[in-house]
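Colleague: Before anything else, here's the structure in question.
What follows is calculated from the coordinates using simple rules that are stated; it is not laboratory data. Here the structure is a predicted model, which means the values were calculated and not measured. Cβ placement follows ideal geometry from the backbone for every residue including glycine, while neighbour counts extend to all protein chains displayed.
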Amino acid sequence: MKNLFLKVVLSLILAISFSSQAKVFTCSGIITDVFSTFDTFEVRYERASGFELEPVTVYPEQAYLLAPVLVAIAEGKNGSEYTLIIENRDGNDSRCHDGESENALIGLSKIN
């Protein structure tokens, strides 16, 4: 009986920890600007049609992404699109325009 109880408790702990993890997804667009916001940076991007998508945040642990973001801004003036790898830190929403501000940029890759 004691082993069964421990297994149930362990299963519940694992289920809760896996369900509370952040969601990672990708969005594509043209990176247009970057702003400093105290200890983080906000990256703005839009679809090729001009529709502005939800800004993403570069946190201090991803500061190495700032140089590629600046290159992407310069190349965006020529229409170069990028795939942004985004982590939603406060929920499971994986939409590129979800009305939240806790989306962290964790990577990017040039499409064309």
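Colleague: Looking only at region 22-49, how many residues end up being in a loop (DSSP other than H, G, I, E, B) and in contact with a Lys or Arg (Cβ under 7 Å, 6 or more places away or on another chain)?
Modeller: Initially, region 22-49 is screened for residues in a loop (DSSP other than H, G, I, E, B), giving 22, 38-39, 47-49.
Going one step further and asking which of them are in contact with a Lys or Arg (Cβ under 7 Å, 6 or more places away or on another chain), we end up with 22.
So the answer is 1.
Colleague: Please pick out the residue among Gly50, Gly79 that is exposed (fewer than 13 other Cβ atoms within 10 Å of the Cβ) and without any contact (Cβ under 8 Å) to a residue 24 or more places away in the chain.
Modeller: Gly50
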